[in-house]
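K.L.:
Questions regarding the structure given below will be posed in turn.
The values are calculated or read from the model by the stated rules, or taken from the named source; none is laboratory data. Bear in mind that the values here come from a model prediction, so they are computed numbers and not experimental data. Please note: Cβ atoms are built from the backbone with ideal geometry, for glycine as well, and neighbour counts cover all protein chains shown.
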Amino acid sequence: MSASLPSPYEAPDLYDLALEGFQDDFGFWLDESRRAAPAPGRPGRVLEVSCGTGRILLRLRANGIDAEGVDLSAPMLSRLEAKAKARGLAVHVYRADMRDFTTEQRYHRVFIPFNGFAHCETVEDQLRCLQCCREHLEPGGALVVDMSYPGHEYWLDVRTERILEAESPHSESGGTTRMYDTRTKDRVAQLQHSIIEIEELDERGKPTRSHRFETRQRWVYRYELELLFRLAGFSRWEILGGWDRRPLETDAGQMVGFAWKAG
Amino acid sequence: MAYTSAYLDPALYDVIYGRGADGKPVRAALDDVAFYVDLARRQGNPVLEVACGTGRVLLPTLEAGIEIHGIDLEDGMLERLRAKAQARDLHPKVFRGDMRDFTLPARYRLATIPFRSFLHMESTEDQIRALRCIREHLEPGGVLALNVFYPSVDFMAANDGVRKLTIQTTHPDTGLPVEVYDTSRYQRAQQRLSVERLVLVTNPGGAPASMIEYGFTLRWIYRFEMELLLRAAGFSRFDFHGGFTGDPLTSDREEMVVMARRD
């Protein structure tokens, strides 16, 4: 699929302006990183797949977590490394495809946060990615995948105009950054095509610059995710419904899937 | 009168899933006989129909000169099938069996699960067991064909918790109206549909209508989930169609028709 607009990952500075402030999921990833410890006093190793500019990974590092990252986008990783340097953090990242990566380590947890798994658009892509993650786990380790659930309200929303997705203060100009999404959805293919617009506004709310990107996301249902875990060779799995570890009882929120490698 | 299952009154089953006064099936999803008979002709003998019920598809297939065997979990449904066959001078081979765990001596060119019966498999384990068991009964190169409703977002939104007139037909014996009212409830994250059904059978001579009540639950399946189930059961080639005309599956308002081949 050839996109006519660039990927949002070609503009990591704008990506960060729009999304760096998002923190709702961080407590969960930090907690899960601490649970990765194989024994008391022995911290676990963590790998974040689709780590991007390090929104999560750098904060994990700042909290003393032994975490590394994988991402496909060189611009995103460059920005991550620049941020790490500015914050005085040492971090090891690999530029690689989530379907086919190799690192030197084996990990107690592999994370795919923030809909990163939605970049696997086919069953083959999904299975290759999960198998690759599994290979990088220590025995008894867990893969944790966080996805938005493709629920009823989501599919019923067939608005064709742009929707405000995120708004945050512009750290440099004193104005605001707004991220809009214009969505086309295919219910059977479980696909969303997005035109993303990132608008920079000055302190009086006047748009000064606008940038357009294009991306796609492939959604996954809960039993489907269980079957993917099964086919990728995991020995057991559990699907939760949020970063607070609630059970998945409604289709209106998050889906957090855990899959364990046999110990 | 109240039943615990639709299958405990096979005569009533035939009335509501039979043909209307115009001779046509009462629902589009029931307009499948020509599809399954043609498929049997092309794919070859013998054929196994799983969940054959009272023979709505099996008997016309036999009449077309095709060797077809059937299994069903419900003795009462099979008894009615045999009685109908006798009246038409047909000699069916049908067996009581659970689709998750049955053993027949023959191996088949084609196995079918018409009219959404696969949705009686309410867990992933049951689904995979049934598909594996059926696959073991296929010859190499044999085909499994089944159809299920696609979980339409708009249909669910319009029907959830609302009593609706879903079937209007006439009783073949009396020529008088029979009406089916369904109250459907959707547990969306669990992919479970629960139906409370009321059947009103108009009686002759102005006598009060007979009221029959029963309920059933179905576990719906998404397209990729179905593909993963087939893979988990050992099938490696599959096709998905929307409706019985061979068109691709593109809309969530269509019947999902699934074909899988044993290598």
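K.L.:
Assess whether B:Tyr181 counts as being under 30 Å from A:Trp237 (Cα atoms) and within 21 Å of the chain's Cα centre (by Cα). Please lay out each step first, then the result.
P.N.:
Details: under 30 Å from A:Trp237 (Cα atoms): no; within 21 Å of the chain's Cα centre (by Cα): yes.
So B:Tyr181 fails the test.
K.L.:
What is the residue count in the range B:45-69 for residues that are touching an Asp or Glu at 6+ places or on another chain (Cβ under 8 Å) and either of a type in the set (D, E, K, R) or not assigned by TED's automatic domain parsing to the domain that holds B:Gly142 (or both)?
P.N.:
Going through the range B:45-69 one residue at a time, the tally reaches 1.
K.L.:
Which pairs turn up if I take residues in the range A:179-191 that are within 11 Å of chain B (Cβ to nearest Cβ) and look for partners that are among the hydrophobic types (A, V, I, L, M, F, W, C) with beta carbon separation below 6 Å, at least 6 apart in sequence or on another chain?
P.N.:
A:Arg187/A:Trp155; A:Val188/B:Leu249; A:Gln190/A:Trp219
K.L.:
Follow-up question, since we're still on this one. Confirm whether A:Ala262 is more than 9 Å from chain B (Cβ to nearest Cβ) and farther than 12 Å from A:Val144 by Cα.
P.N.:
On the way: more than 9 Å from chain B (Cβ to nearest Cβ): yes; farther than 12 Å from A:Val144 by Cα: yes.
Spelling it out, A:Ala262 is indeed more than 9 Å from chain B (Cβ to nearest Cβ) and farther than 12 Å from A:Val144 by Cα.
K.L.:
Does the range B:204-216 include one or more residues that are of a type in the set (A, V, I, L, M), more than 14 Å from every other protein chain (Cβ to nearest Cβ) and in contact (Cβ under 8 Å) with a residue 24 or more places away in the chain?
P.N.:
Going through the range B:204-216, the residues of a type in the set (A, V, I, L, M) turn out to be B:207, B:209, B:211-212.
Pick out the ones that are also more than 14 Å from every other protein chain (Cβ to nearest Cβ) and you get B:207, B:209, B:211-212.
After this cut, where a residue has to be in contact (Cβ under 8 Å) with a residue 24 or more places away in the chain as well, the list is B:211-212.
Scanning the range B:204-216 turns up at least one residue that is of a type in the set (A, V, I, L, M), more than 14 Å from every other protein chain (Cβ to nearest Cβ) and in contact (Cβ under 8 Å) with a residue 24 or more places away in the chain.
K.L.:
Let me ask another. Which ones in the range A:233-247 are modelled with pLDDT of 95 or more, touching a strand residue (DSSP E or B) at 6+ places or on another chain (Cβ under 9 Å) and not basic (Lys, Arg)?
P.N.:
Initial filter on the range A:233-247 (modelled with pLDDT of 95 or more): A:233-234, A:236-247.
With touching a strand residue (DSSP E or B) at 6+ places or on another chain (Cβ under 9 Å) added as a condition, the list becomes A:234, A:236-243, A:245-247.
Correct list: A:Phe234, A:Trp237, A:Glu238, A:Ile239, A:Leu240, A:Gly241, A:Gly242, A:Trp243, A:Pro247.
K.L.:
Tell me, which residue of the range A:138-177 that is among the hydroxyl-bearing types (Ser, Thr, Tyr) and part of a strand (DSSP E or B) is farthest from A:Val256 (Cα to Cα)?
P.N.:
Taking the range A:138-177 as the starting set, the residues that turn out to be among the hydroxyl-bearing types (Ser, Thr, Tyr) are A:148-149, A:154, A:160, A:168, A:171, A:173, A:176-177.
Narrowing further to those that are part of a strand (DSSP E or B): A:148, A:168, A:176-177.
Working: A:Ser148: 9, A:Ser168: 26, A:Thr176: 31, A:Thr177: 29 Å.
The selected residue is A:Thr176.
K.L.:
What strands (runs of 3 or more DSSP E), lying completely within the range B:105-190, carry at least 2 residues that are within 14 Å of chain A (Cβ to nearest Cβ)? If you could, list the steps in order and put the result at the bottom.
P.N.:
On the way: elements: B:108-113, B:138-149, B:163-170, B:177-187.
Result: B:138-149, B:177-187.
K.L.:
Can you tell me which of (1) surrounded by fewer than 20 Cβ atoms within 10 Å (Cβ to Cβ); (2) away from chain B (no Cβ under 14 Å); (3) more than 19 Å from A:Cys132 (Cα to Cα) is the one A:Gly242 doesn't meet?
P.N.:
Condition not satisfied by A:Gly242: (2).
K.L.:
A follow-up question, please. Could you tell me whether the range A:240-247 includes any residue that is assigned to a strand (DSSP E or B) and either in contact with a Ser or Thr (Cβ under 9 Å, 6 or more places away or on another chain) or within 22 Å of A:Asp125 (Cα to Cα) (or both)?
P.N.:
Initially, the range A:240-247 is screened for residues assigned to a strand (DSSP E or B), giving A:240, A:247.
This time we only want the ones that are either in contact with a Ser or Thr (Cβ under 9 Å, 6 or more places away or on another chain) or within 22 Å of A:Asp125 (Cα to Cα) (or both), so: none.
No: zero hits.
K.L.:
Test B:Met259 against the stated conditions and say whether it is part of a strand (DSSP E or B) and within 30 Å of A:Arg230 (Cα to Cα). Don't jump to the end; show me each part of the working.
P.N.:
Details: part of a strand (DSSP E or B): yes; within 30 Å of A:Arg230 (Cα to Cα): yes.
So B:Met259 passes the test.
K.L.:
Looking only at the range A:12-33, which residues are surrounded by 14 or more Cβ atoms within 10 Å (Cβ to Cβ), modelled with pLDDT of 95 or more and of a type outside the set (D, E, K, R)?
P.N.:
A:Pro12, A:Phe26, A:Phe28, A:Trp29, A:Leu30, A:Ser33
K.L.:
Does the range A:34-51 hold any residues that are aliphatic (A, V, I, L, M), touching a Gly at 6+ places or on another chain (Cβ under 9 Å) and surrounded by fewer than 17 Cβ atoms within 10 Å (Cβ to Cβ), and which are they?
P.N.:
Result: A:Ala37, single match.
So that you can scan it fast, the table gives a plain yes or no per residue for (1) under 19 Å from the mean Cα position of the chain (by Cα); (2) farther than 17 Å from B:Leu218 by Cα:
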{"residue": "B:Glu139", "(1), (2)": "no, yes"}
{"residue": "B:Ala145", "(1), (2)": "yes, yes"}
{"residue": "B:Phe149", "(1), (2)": "yes, no"}
{"residue": "B:Ala158", "(1), (2)": "no, yes"}
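K.L.:
Quick one: which of A:Ser194, A:Ser148, A:Ser173, A:Ser168 is of a type in the set (Gly, Ala, Ser) and buried (at least 18 other Cβ atoms within 10 Å of the Cβ)? Reasoning before the result, please.
P.N.:
Working: A:Ser148 fails: buried (at least 18 other Cβ atoms within 10 Å of the Cβ); A:Ser173 fails: buried (at least 18 other Cβ atoms within 10 Å of the Cβ); A:Ser168 fails: buried (at least 18 other Cβ atoms within 10 Å of the Cβ).
One residue alone meets the criteria, A:Ser194.
K.L.:
Additional query: Give me the pairs, please: first residue somewhere in the range A:20-33 and small (Gly, Ala, Ser), second residue anywhere and in a helix (DSSP H, G or I), beta-carbon distance under 6 Å, and either six or more positions apart or on two chains.
P.N.:
Listed by first residue and then by second, the contacts come to A:Ser33/A:Leu60.
K.L.:
Here is a list: B:Glu254, B:Glu196, B:Glu227. Which entry is out of contact with any Pro (no Cβ under 6 Å at 6 or more places or on another chain), acidic (Asp, Glu), under 27 Å from B:Lys164 (Cα atoms) and within 14 Å of chain A (Cβ to nearest Cβ)?
P.N.:
Working: B:Glu196 fails: within 14 Å of chain A (Cβ to nearest Cβ); B:Glu227 fails: under 27 Å from B:Lys164 (Cα atoms).
B:Glu254 is the lone residue from the list that is out of contact with any Pro (no Cβ under 6 Å at 6 or more places or on another chain), acidic (Asp, Glu), under 27 Å from B:Lys164 (Cα atoms) and within 14 Å of chain A (Cβ to nearest Cβ).
K.L.:
Mind listing whichever residues of the range A:194-218 are over 30 Å from B:Asp126 (Cβ atoms), outside any loop (DSSP other than H, G, I, E, B) and either more than 20 Å from the chain's Cα centre (by Cα) or of a type in the set (D, E, K, R) (or both)? First the steps, then the outcome.
P.N.:
Step one: of the range A:194-218, the residues over 30 Å from B:Asp126 (Cβ atoms) are A:194-217.
This time we only want the ones that are outside any loop (DSSP other than H, G, I, E, B), so: A:194-201, A:207-217.
Selection gives A:Glu197, A:Glu199, A:Glu200, A:Leu201, A:Pro207, A:Thr208, A:Arg209, A:Ser210, A:His211, A:Arg212, A:Glu214, A:Arg216.
K.L.:
Output the number of the condition that A:Thr250 fails; it satisfies all remaining conditions of (1) in contact (Cβ under 8 Å) with a residue 24 or more places away in the chain; (2) farther than 30 Å from B:Gly234 by Cα; (3) more than 14 Å from every other protein chain (Cβ to nearest Cβ).
P.N.:
Answer for A:Thr250: the failing condition is (3).
K.L.:
Can you tell me which residue within the range A:219-237, out of those that are outside any helix (DSSP H, G or I) and surrounded by fewer than 22 Cβ atoms within 10 Å (Cβ to Cβ), is farthest from the other protein chains (Cβ to nearest Cβ)?
P.N.:
A:Ser235
K.L.:
Among B:Tyr181, B:Tyr186, which is surrounded by fewer than 17 Cβ atoms within 10 Å (Cβ to Cβ), aromatic (Phe, Trp, Tyr) and outside the structural domain of B:Asp98 (by TED's automatic domain parsing)?
P.N.:
Values: B:Tyr186 fails: surrounded by fewer than 17 Cβ atoms within 10 Å (Cβ to Cβ).
Testing whether each residue is surrounded by fewer than 17 Cβ atoms within 10 Å (Cβ to Cβ), aromatic (Phe, Trp, Tyr) and outside the structural domain of B:Asp98 (by TED's automatic domain parsing) leaves just B:Tyr181.
K.L.:
Here's another thing I want to ask about it. Checking the condition among the acidic types (Asp, Glu) and free of Cβ contacts under 8 Å to residues at least 12 places away in the same chain, which residue from A:Glu197, A:Glu224 passes?
P.N.:
Details: A:Glu197 fails: free of Cβ contacts under 8 Å to residues at least 12 places away in the same chain.
Unique residue meeting the criteria: A:Glu224.
K.L.:
Let me ask something else about it. So which residues in the range B:230-251 are more than 9 Å from chain A (Cβ to nearest Cβ), under 16 Å from B:Ile128 (Cβ atoms) and either within 17 Å of the chain's Cα centre (by Cα) or not in a strand (DSSP E or B) (or both)?
P.N.:
Narrowing the range B:230-251 to residues more than 9 Å from chain A (Cβ to nearest Cβ): B:230, B:233-239, B:241, B:243-248.
From what's left, under 16 Å from B:Ile128 (Cβ atoms): B:230, B:233-236, B:238.
Across the range B:230-251, the qualifying residues are B:Leu230, B:Ala233, B:Gly234, B:Phe235, B:Ser236.
K.L.:
While we're looking at this one, here's another question. Taking the range B:19-69 only, how many residues are closer than 18 Å to B:Pro92 by Cβ and modelled with pLDDT under 95?
P.N.:
Number of matching residues: 1.
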